[in-house]
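The values are calculated or read from the model by the stated rules, or taken from the named source; none is laboratory data. Worth saying up front: this structure is predicted, and the values here are computed from it rather than measured. All Cβ positions, even for glycine, are placed from backbone atoms using ideal geometry, and neighbour counts span all protein chains on display.
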Amino acid sequence: MTDHAELIQRRQRLLGKSYRLFYQNPLYPVKGDGVWLYEADGKRYLDAYNNVVSVGHCHPKVVEAICAQASQLNTHTRYLHDTLLDYAERLLATFPAHLNNLTMTCSGSEANDLALRIARDVTGNSIALVTRWAYHGTTSSIAEISPSLSINIGKDVRLFDAPDTFRDKGQWLASLRQTLDELSVQGLKPAALIMDGVFSSDGIFIPPAEEIQQAVDWVRQAGGIYIADEVQSGFARTGNHFWGFEAYQVKPDMVTIGKPMGNGHPVAGLVARSDLLDQFGEKQRYFNTFGGNPVSCAAANAVLDVIESEQLQINAQRQGLRLRRNLDQLAGHYDCIGDIRGSGLFYGVELVKDCESFAPATELASVVVNAMRDAGVLMSATGPKANVLKIRPPLVFTEAHVDLLTDTLDKVLENVQTA
Ligand SMILES: Cc1ncc(COP(=O)(O)O)c(C=O)c1O
(Lines give C-alpha, C1' and ligand atoms only; values in the text may rest on other atoms or scores of the structure.)
Protein backbone atom coordinates (compact mmCIF):
# COMPACT_ATOMS: atom_id res chain seq x y z
CA MET A 1 0.00 0.00 0.00
CA THR A 2 1.48 3.39 -0.95
CA ASP A 3 1.02 6.63 0.99
CA HIS A 4 -1.32 8.04 -1.63
CA ALA A 5 -3.48 5.09 -2.68
CA GLU A 6 -6.68 7.12 -3.05
CA LEU A 7 -5.05 9.79 -5.19
CA ILE A 8 -3.46 7.14 -7.39
CA GLN A 9 -6.81 5.43 -7.96
CA ARG A 10 -8.43 8.76 -8.81
CA ARG A 11 -5.66 9.51 -11.24
CA GLN A 12 -5.99 6.14 -12.97
CA ARG A 13 -9.75 6.59 -13.26
CA LEU A 14 -9.44 10.10 -14.71
CA LEU A 15 -6.30 9.86 -16.82
CA GLY A 16 -6.25 6.27 -18.05
CA LYS A 17 -3.51 3.70 -18.36
CA SER A 18 -0.79 5.29 -20.45
CA TYR A 19 0.14 7.77 -17.72
CA ARG A 20 2.79 6.20 -15.47
CA LEU A 21 4.11 7.32 -12.11
CA PHE A 22 7.66 7.14 -10.82
CA TYR A 23 8.53 5.00 -7.77
CA GLN A 24 6.72 2.20 -5.95
CA ASN A 25 5.66 4.86 -3.48
CA PRO A 26 4.93 7.79 -5.81
CA LEU A 27 6.04 11.27 -4.85
CA TYR A 28 3.54 14.03 -4.08
CA PRO A 29 5.54 17.27 -4.08
CA VAL A 30 3.73 20.52 -3.37
CA LYS A 31 6.64 22.93 -3.58
CA GLY A 32 10.00 23.21 -5.33
CA ASP A 33 12.94 25.42 -4.42
CA GLY A 34 16.38 25.16 -6.07
CA VAL A 35 17.50 21.53 -5.86
CA TRP A 36 14.75 20.56 -3.41
CA LEU A 37 11.22 19.22 -3.75
CA TYR A 38 8.94 19.31 -0.70
CA GLU A 39 5.94 17.20 0.25
CA ALA A 40 3.07 18.69 2.25
CA ASP A 41 4.39 17.34 5.55
CA GLY A 42 7.67 19.20 4.99
CA LYS A 43 9.74 16.16 3.97
CA ARG A 44 12.25 17.31 1.41
CA TYR A 45 13.90 15.45 -1.46
CA LEU A 46 17.20 16.22 -3.14
CA ASP A 47 16.37 16.37 -6.82
CA ALA A 48 19.08 14.51 -8.73
CA TYR A 49 16.80 13.68 -11.63
CA ASN A 50 14.97 16.67 -13.11
CA ASN A 51 16.96 18.29 -15.89
CA VAL A 52 14.05 20.45 -17.04
CA VAL A 53 14.38 22.75 -14.03
CA SER A 54 18.02 23.06 -14.88
CA VAL A 55 18.56 26.44 -13.19
CA GLY A 56 16.71 25.16 -10.09
CA HIS A 57 13.06 24.74 -9.16
CA CYS A 58 11.14 28.05 -9.25
CA HIS A 59 14.21 30.18 -9.92
CA PRO A 60 13.08 33.72 -8.97
CA LYS A 61 14.54 35.32 -12.12
CA VAL A 62 12.62 32.94 -14.39
CA VAL A 63 9.41 33.30 -12.35
CA GLU A 64 9.75 37.09 -12.44
CA ALA A 65 10.34 37.16 -16.20
CA ILE A 66 7.29 34.94 -16.85
CA CYS A 67 5.05 37.06 -14.58
CA ALA A 68 6.25 40.38 -16.04
CA GLN A 69 5.65 39.31 -19.64
CA ALA A 70 2.36 37.52 -18.87
CA SER A 71 1.00 40.66 -17.26
CA GLN A 72 1.97 42.78 -20.27
CA LEU A 73 1.27 40.79 -23.45
CA ASN A 74 1.06 37.23 -24.69
CA THR A 75 0.33 36.57 -28.35
CA HIS A 76 2.14 34.50 -31.01
CA THR A 77 4.85 34.70 -33.65
CA ARG A 78 2.65 36.30 -36.31
CA TYR A 79 3.16 39.73 -34.78
CA LEU A 80 6.44 41.55 -34.45
CA HIS A 81 8.01 41.12 -31.02
CA ASP A 82 11.51 41.98 -29.82
CA THR A 83 11.80 39.26 -27.18
CA LEU A 84 11.71 36.48 -29.77
CA LEU A 85 14.39 38.17 -31.89
CA ASP A 86 16.55 39.00 -28.88
CA TYR A 87 16.32 35.37 -27.86
CA ALA A 88 17.08 34.07 -31.36
CA GLU A 89 20.16 36.28 -31.55
CA ARG A 90 21.49 35.15 -28.18
CA LEU A 91 20.72 31.50 -28.72
CA LEU A 92 22.15 31.29 -32.24
CA ALA A 93 25.39 32.87 -30.96
CA THR A 94 25.93 29.68 -28.90
CA PHE A 95 25.92 27.54 -32.10
CA PRO A 96 28.46 27.15 -34.89
CA ALA A 97 27.91 29.88 -37.51
CA HIS A 98 26.33 27.58 -40.13
CA LEU A 99 23.39 26.90 -37.78
CA ASN A 100 21.80 30.28 -38.28
CA ASN A 101 18.00 29.95 -38.11
CA LEU A 102 15.66 29.18 -35.22
CA THR A 103 12.08 27.84 -35.34
CA MET A 104 10.18 27.83 -32.06
CA THR A 105 7.99 24.94 -30.90
CA CYS A 106 6.40 23.93 -27.59
CA SER A 107 8.06 20.56 -27.11
CA GLY A 108 11.09 18.53 -28.09
CA SER A 109 8.76 16.11 -29.89
CA GLU A 110 7.47 18.89 -32.13
CA ALA A 111 11.01 20.05 -32.81
CA ASN A 112 12.08 16.53 -33.82
CA ASP A 113 8.92 16.08 -35.86
CA LEU A 114 9.70 19.24 -37.82
CA ALA A 115 13.36 18.27 -38.21
CA LEU A 116 12.42 14.88 -39.65
CA ARG A 117 9.86 16.46 -41.99
CA ILE A 118 12.48 18.91 -43.27
CA ALA A 119 15.10 16.16 -43.64
CA ARG A 120 12.71 14.04 -45.70
CA ASP A 121 11.67 17.02 -47.76
CA VAL A 122 15.12 18.39 -48.61
CA THR A 123 16.85 15.05 -49.22
CA GLY A 124 13.94 13.45 -51.05
CA ASN A 125 14.70 10.31 -49.01
CA SER A 126 12.51 8.70 -46.40
CA ILE A 127 14.58 6.52 -44.06
CA ALA A 128 15.35 7.67 -40.52
CA LEU A 129 18.30 6.03 -38.77
CA VAL A 130 18.06 5.76 -34.98
CA THR A 131 19.71 3.84 -32.19
CA ARG A 132 18.09 0.64 -30.95
CA TRP A 133 16.67 2.05 -27.70
CA ALA A 134 16.31 5.70 -28.73
CA TYR A 135 13.72 8.13 -27.43
CA HIS A 136 12.95 11.23 -29.47
CA GLY A 137 9.36 12.05 -28.51
CA THR A 138 5.68 11.46 -28.87
CA THR A 139 4.15 12.65 -32.16
CA SER A 140 3.21 9.75 -34.41
CA SER A 141 6.19 10.16 -36.74
CA ILE A 142 8.54 10.57 -33.78
CA ALA A 143 7.03 7.69 -31.78
CA GLU A 144 7.96 5.63 -34.85
CA ILE A 145 11.62 6.54 -34.32
CA SER A 146 11.46 5.99 -30.53
CA PRO A 147 11.88 2.23 -30.02
CA SER A 148 12.18 2.64 -26.24
CA LEU A 149 8.61 3.99 -26.20
CA SER A 150 6.79 1.33 -28.18
CA ILE A 151 7.27 -1.55 -30.52
CA ASN A 152 5.64 0.29 -33.43
CA ILE A 153 8.74 1.18 -35.38
CA GLY A 154 7.89 2.85 -38.67
CA LYS A 155 8.47 1.15 -42.02
CA ASP A 156 10.76 4.04 -42.96
CA VAL A 157 12.90 3.60 -39.86
CA ARG A 158 16.06 1.53 -39.42
CA LEU A 159 17.64 0.75 -36.07
CA PHE A 160 21.33 0.32 -35.35
CA ASP A 161 23.23 -0.48 -32.14
CA ALA A 162 23.87 2.36 -29.71
CA PRO A 163 27.51 3.27 -29.08
CA ASP A 164 27.83 1.16 -25.93
CA THR A 165 31.22 2.19 -24.55
CA PHE A 166 30.99 -0.44 -21.79
CA ARG A 167 29.97 -3.70 -23.42
CA ASP A 168 30.63 -3.29 -27.13
CA LYS A 169 33.28 -0.57 -27.48
CA GLY A 170 33.13 0.62 -31.10
CA GLN A 171 30.98 -2.29 -32.40
CA TRP A 172 28.07 0.01 -33.09
CA LEU A 173 29.74 1.38 -36.20
CA ALA A 174 29.66 -2.09 -37.78
CA SER A 175 25.93 -2.21 -37.07
CA LEU A 176 25.37 1.20 -38.69
CA ARG A 177 27.53 0.23 -41.69
CA GLN A 178 25.52 -2.95 -42.17
CA THR A 179 22.25 -1.00 -41.97
CA LEU A 180 23.46 1.47 -44.63
CA ASP A 181 24.67 -1.37 -46.87
CA GLU A 182 21.31 -3.15 -46.59
CA LEU A 183 19.52 0.07 -47.55
CA SER A 184 21.76 0.48 -50.54
CA VAL A 185 21.05 -3.08 -51.71
CA GLN A 186 17.33 -2.28 -51.48
CA GLY A 187 17.83 0.94 -53.49
CA LEU A 188 16.90 3.07 -50.46
CA LYS A 189 18.62 6.12 -49.01
CA PRO A 190 18.61 7.70 -45.56
CA ALA A 191 16.93 11.04 -44.95
CA ALA A 192 18.52 11.53 -41.55
CA LEU A 193 20.62 10.13 -38.78
CA ILE A 194 19.14 11.34 -35.46
CA MET A 195 21.28 10.96 -32.37
CA ASP A 196 20.77 12.07 -28.77
CA GLY A 197 23.92 13.93 -27.63
CA VAL A 198 24.37 11.54 -24.68
CA PHE A 199 22.32 8.53 -25.86
CA SER A 200 20.34 8.82 -22.65
CA SER A 201 17.61 6.24 -23.18
CA ASP A 202 20.15 3.82 -24.71
CA GLY A 203 21.99 3.81 -21.37
CA ILE A 204 23.96 7.13 -21.33
CA PHE A 205 26.99 6.94 -23.59
CA ILE A 206 29.49 9.49 -24.80
CA PRO A 207 31.49 7.65 -27.48
CA PRO A 208 34.82 8.85 -28.91
CA ALA A 209 34.46 11.84 -31.26
CA GLU A 210 35.95 10.01 -34.22
CA GLU A 211 33.25 7.32 -34.05
CA ILE A 212 30.47 9.89 -34.29
CA GLN A 213 32.36 11.66 -37.09
CA GLN A 214 32.60 8.37 -38.98
CA ALA A 215 28.88 7.69 -38.54
CA VAL A 216 27.92 11.16 -39.77
CA ASP A 217 30.30 10.89 -42.76
CA TRP A 218 28.79 7.58 -43.84
CA VAL A 219 25.24 8.90 -43.58
CA ARG A 220 26.11 12.05 -45.53
CA GLN A 221 27.81 9.97 -48.23
CA ALA A 222 24.61 7.92 -48.47
CA GLY A 223 22.53 11.10 -48.97
CA GLY A 224 21.23 11.78 -45.44
CA ILE A 225 21.68 14.63 -43.00
CA TYR A 226 22.59 14.67 -39.30
CA ILE A 227 20.10 15.85 -36.69
CA ALA A 228 21.57 16.34 -33.22
CA ASP A 229 18.88 15.84 -30.57
CA GLU A 230 20.00 18.15 -27.77
CA VAL A 231 16.72 18.02 -25.87
CA GLN A 232 18.46 16.34 -22.93
CA SER A 233 22.12 17.11 -23.45
CA GLY A 234 21.88 20.81 -24.26
CA PHE A 235 22.09 24.07 -22.31
CA ALA A 236 25.40 23.42 -20.47
CA ARG A 237 24.38 20.10 -18.95
CA THR A 238 27.52 18.23 -20.02
CA GLY A 239 29.79 20.87 -18.47
CA ASN A 240 32.64 20.78 -20.98
CA HIS A 241 30.40 22.21 -23.67
CA PHE A 242 27.19 24.17 -23.97
CA TRP A 243 25.82 21.61 -26.46
CA GLY A 244 26.41 17.87 -26.22
CA PHE A 245 27.29 17.49 -29.92
CA GLU A 246 30.28 19.83 -29.49
CA ALA A 247 32.16 17.00 -27.75
CA TYR A 248 32.18 15.17 -31.09
CA GLN A 249 33.63 18.04 -33.15
CA VAL A 250 31.14 17.43 -35.88
CA LYS A 251 28.73 19.90 -37.44
CA PRO A 252 25.05 18.90 -37.30
CA ASP A 253 22.73 20.07 -40.07
CA MET A 254 19.91 20.59 -37.58
CA VAL A 255 19.70 20.62 -33.80
CA THR A 256 16.60 20.13 -31.69
CA ILE A 257 16.35 21.68 -28.23
CA GLY A 258 13.80 21.82 -25.40
CA LYS A 259 13.43 20.54 -21.85
CA PRO A 260 15.66 22.95 -19.84
CA MET A 261 15.08 25.80 -22.31
CA GLY A 262 12.30 27.42 -20.21
CA ASN A 263 13.09 25.82 -16.83
CA GLY A 264 9.67 24.11 -16.85
CA HIS A 265 7.82 26.52 -19.11
CA PRO A 266 6.95 24.58 -22.31
CA VAL A 267 9.30 26.00 -24.90
CA ALA A 268 11.47 24.17 -27.43
CA GLY A 269 12.88 24.69 -30.89
CA LEU A 270 14.77 23.69 -33.98
CA VAL A 271 18.07 25.31 -34.94
CA ALA A 272 19.04 24.66 -38.54
CA ARG A 273 21.05 25.68 -41.54
CA SER A 274 19.05 28.45 -43.19
CA ASP A 275 19.42 26.86 -46.65
CA LEU A 276 17.51 23.80 -45.40
CA LEU A 277 14.73 25.91 -43.91
CA ASP A 278 14.59 28.05 -47.08
CA GLN A 279 14.24 24.99 -49.29
CA PHE A 280 11.51 23.60 -47.01
CA GLY A 281 9.82 27.00 -46.67
CA GLU A 282 9.47 27.45 -50.43
CA LYS A 283 6.94 24.62 -50.50
CA GLN A 284 5.41 24.64 -47.04
CA ARG A 285 4.84 26.98 -44.16
CA TYR A 286 5.20 26.34 -40.47
CA PHE A 287 3.21 27.96 -37.68
CA ASN A 288 2.95 26.82 -34.11
CA THR A 289 0.22 28.60 -32.12
CA PHE A 290 2.04 28.65 -28.80
CA GLY A 291 5.63 28.11 -29.95
CA GLY A 292 7.73 31.22 -29.41
CA ASN A 293 5.02 33.28 -27.71
CA PRO A 294 6.37 36.28 -25.77
CA VAL A 295 5.99 34.62 -22.35
CA SER A 296 7.92 31.53 -23.52
CA CYS A 297 10.64 33.75 -24.94
CA ALA A 298 10.85 35.73 -21.69
CA ALA A 299 11.27 32.48 -19.76
CA ALA A 300 13.90 31.22 -22.22
CA ASN A 301 15.80 34.52 -22.08
CA ALA A 302 15.80 34.40 -18.28
CA VAL A 303 17.21 30.85 -18.37
CA LEU A 304 20.13 32.03 -20.51
CA ASP A 305 20.64 34.98 -18.11
CA VAL A 306 20.88 32.62 -15.13
CA ILE A 307 23.17 30.11 -16.89
CA GLU A 308 25.50 33.01 -17.64
CA SER A 309 25.28 34.98 -14.39
CA GLU A 310 25.56 31.91 -12.14
CA GLN A 311 28.22 30.34 -14.39
CA LEU A 312 26.29 27.10 -14.48
CA GLN A 313 28.31 25.49 -17.25
CA ILE A 314 31.46 25.81 -15.14
CA ASN A 315 29.51 24.58 -12.13
CA ALA A 316 28.27 21.53 -14.07
CA GLN A 317 31.84 20.75 -15.03
CA ARG A 318 33.15 21.21 -11.48
CA GLN A 319 30.39 19.26 -9.73
CA GLY A 320 30.56 16.59 -12.42
CA LEU A 321 34.20 15.95 -11.58
CA ARG A 322 33.35 15.64 -7.89
CA LEU A 323 30.45 13.33 -8.68
CA ARG A 324 32.74 11.16 -10.81
CA ARG A 325 35.36 11.03 -8.04
CA ASN A 326 32.77 10.05 -5.41
CA LEU A 327 31.20 7.45 -7.68
CA ASP A 328 34.62 5.97 -8.49
CA GLN A 329 35.21 5.57 -4.73
CA LEU A 330 31.89 3.72 -4.41
CA ALA A 331 32.84 1.48 -7.35
CA GLY A 332 35.91 0.42 -5.35
CA HIS A 333 33.57 -0.88 -2.60
CA TYR A 334 30.67 -2.35 -4.51
CA ASP A 335 30.96 -5.13 -7.06
CA CYS A 336 27.55 -4.28 -8.45
CA ILE A 337 28.89 -1.07 -10.01
CA GLY A 338 29.99 -2.22 -13.47
CA ASP A 339 30.60 1.12 -15.14
CA ILE A 340 30.37 4.85 -14.52
CA ARG A 341 30.03 7.20 -17.46
CA GLY A 342 28.91 10.68 -18.31
CA SER A 343 29.96 14.28 -18.34
CA GLY A 344 29.11 17.36 -16.28
CA LEU A 345 25.87 16.78 -14.43
CA PHE A 346 24.71 13.86 -16.56
CA TYR A 347 25.93 10.51 -15.25
CA GLY A 348 25.02 6.87 -15.63
CA VAL A 349 26.00 4.19 -13.12
CA GLU A 350 25.57 0.75 -14.67
CA LEU A 351 24.59 -1.86 -12.11
CA VAL A 352 25.61 -5.46 -12.80
CA LYS A 353 25.02 -8.79 -11.06
CA ASP A 354 28.76 -9.29 -10.56
CA CYS A 355 32.05 -8.10 -11.99
CA GLU A 356 32.68 -11.36 -13.87
CA SER A 357 29.58 -11.84 -15.99
CA PHE A 358 28.61 -8.12 -15.95
CA ALA A 359 25.00 -9.32 -16.37
CA PRO A 360 22.61 -6.35 -16.12
CA ALA A 361 21.13 -5.97 -12.61
CA THR A 362 17.68 -4.69 -13.53
CA GLU A 363 15.94 -5.63 -10.29
CA LEU A 364 18.73 -4.20 -8.17
CA ALA A 365 18.52 -0.87 -10.04
CA SER A 366 14.81 -0.68 -9.26
CA VAL A 367 15.46 -1.51 -5.58
CA VAL A 368 18.17 1.17 -5.41
CA VAL A 369 16.09 3.87 -7.13
CA ASN A 370 13.16 3.22 -4.75
CA ALA A 371 15.40 3.06 -1.67
CA MET A 372 17.05 6.34 -2.70
CA ARG A 373 13.61 7.91 -2.99
CA ASP A 374 12.70 6.70 0.50
CA ALA A 375 16.03 8.07 1.76
CA GLY A 376 15.22 11.48 0.21
CA VAL A 377 17.18 11.50 -3.06
CA LEU A 378 15.49 11.38 -6.46
CA MET A 379 17.01 9.56 -9.41
CA SER A 380 15.90 6.99 -11.96
CA ALA A 381 17.14 4.12 -14.13
CA THR A 382 17.58 3.97 -17.88
CA GLY A 383 18.85 1.77 -20.72
CA PRO A 384 17.25 -1.22 -22.50
CA LYS A 385 17.56 -3.28 -19.30
CA ALA A 386 16.75 -0.35 -16.98
CA ASN A 387 19.90 -1.12 -14.98
CA VAL A 388 21.73 2.20 -15.42
CA LEU A 389 21.16 4.67 -12.60
CA LYS A 390 20.43 8.02 -14.19
CA ILE A 391 21.80 11.04 -12.35
CA ARG A 392 20.83 14.34 -13.93
CA PRO A 393 20.25 17.04 -11.31
CA PRO A 394 19.57 20.76 -11.73
CA LEU A 395 22.80 22.56 -12.67
CA VAL A 396 22.76 24.53 -9.40
CA PHE A 397 23.99 21.44 -7.50
CA THR A 398 26.76 22.26 -5.01
CA GLU A 399 29.53 20.15 -3.45
CA ALA A 400 27.28 19.47 -0.45
CA HIS A 401 24.51 18.18 -2.75
CA VAL A 402 26.90 15.91 -4.65
CA ASP A 403 28.20 14.48 -1.36
CA LEU A 404 24.70 13.99 0.03
CA LEU A 405 23.75 12.11 -3.14
CA THR A 406 26.77 9.77 -3.09
CA ASP A 407 26.69 9.29 0.72
CA THR A 408 23.05 8.25 0.42
CA LEU A 409 23.88 5.91 -2.46
CA ASP A 410 26.65 4.42 -0.33
CA LYS A 411 24.19 3.70 2.52
CA VAL A 412 21.58 2.29 0.17
CA LEU A 413 24.09 -0.03 -1.56
CA GLU A 414 25.45 -1.12 1.83
CA ASN A 415 21.91 -1.99 2.99
CA VAL A 416 21.13 -3.84 -0.22
CA GLN A 417 24.36 -5.82 0.04
CA THR A 418 23.71 -6.88 3.64
CA ALA A 419 19.98 -7.54 3.13
C1 LIG B 1 16.36 13.02 -26.21
C2 LIG B 1 14.94 13.50 -26.22
N3 LIG B 1 14.41 13.99 -27.34
C4 LIG B 1 13.15 14.44 -27.40
C5 LIG B 1 12.32 14.39 -26.31
C6 LIG B 1 10.90 14.85 -26.42
O7 LIG B 1 10.72 16.06 -25.77
P8 LIG B 1 9.28 16.48 -25.23
O9 LIG B 1 8.91 15.59 -24.11
O10 LIG B 1 9.46 17.93 -24.83
O11 LIG B 1 8.33 16.37 -26.37
C12 LIG B 1 12.81 13.89 -25.11
C13 LIG B 1 11.97 13.83 -23.92
O14 LIG B 1 12.21 13.15 -22.95
C15 LIG B 1 14.16 13.43 -25.06
O16 LIG B 1 14.67 12.93 -23.93
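With respect to being surrounded by 19 or more Cβ atoms within 10 Å (Cβ to Cβ), over 13 Å from Thr103 (Cα atoms) and either touching a Pro at 6+ places or on another chain (Cβ under 9 Å) or assigned by TED's automatic domain parsing to the domain that holds Lys259 (or both), Gln319 fits the description.
Apart from one condition, Arg90 fits all of (1) among the basic types (Lys, Arg); (2) surrounded by 14 or more Cβ atoms within 10 Å (Cβ to Cβ); (3) in the same structural domain as Thr406 (by TED's automatic domain parsing); the exception is (3). When Val255, Val267, Val250, Val231 are checked against the criterion of being touching a Phe, Trp or Tyr at 6+ places or on another chain (Cβ under 8 Å) and within 12 Å of the ligand (Cβ to nearest atom), Val255 stands alone in meeting it. Here is a check on your reading of the model: is Tyr49 closer than 24 Å to Asn263 by Cβ, in contact with a Leu (Cβ under 6 Å, 6 or more places away or on another chain) and not assigned by TED's automatic domain parsing to the domain that holds Asn263? Judged against the criteria, Tyr49 is a match.
A single member of Asp164, Asp156 is crowded, with 16+ Cβ neighbours inside 10 Å, away from the ligand (no atom under 15 Å from the Cβ), within 25 Å of Val388 (Cβ to Cβ) and of a type outside the set (Gly, Ala, Ser), and it is Asp164.
For the stretch 234-241, the condition holds for no residue, the condition being that it is without any contact (Cβ under 8 Å) to a residue 40 or more places away in the chain, within 16 Å of the ligand (Cβ to nearest atom) and of a type in the set (Ser, Thr, Tyr). If the condition is being surrounded by fewer than 24 Cβ atoms within 10 Å (Cβ to Cβ) and over 18 Å from Thr138 (Cα atoms), then the stretch 100-120 contributes Asn100, Asn101, Leu102, Arg120.
Thr179 passes every criterion in (1) closer than 30 Å to Leu345 by Cβ; (2) more than 23 Å from the chain's Cα centre (by Cα) apart from (1).
If you go through the stretch 110-140 and pick out every residue that is under 17 Å from Val198 (Cα atoms), among the polar types (S, T, N, Q) and near the ligand (Cβ under 8 Å from one of its atoms), you end up with 1. Filtering the stretch 181-218 to residues that are among the aliphatic types (A, V, I, L, M) and either closer than 21 Å to Asn240 by Cα or buried (at least 23 other Cβ atoms within 10 Å of the Cβ) (or both) leaves Ala191, Ala192, Leu193, Ile194, Met195, Val198, Ile204, Ile206, Ala209, Ile212, Ala215.
Among the strands (runs of 3 or more DSSP E) confined wholly to the stretch 24-141, which include 2 or more residues that are in contact with a Lys or Arg (Cβ under 7 Å, 6 or more places away or on another chain)?
Values: elements: 29-33, 36-39, 44-47, 101-105, 127-131.
Strands (runs of 3 or more DSSP E) meeting the threshold: 36-39, 127-131.
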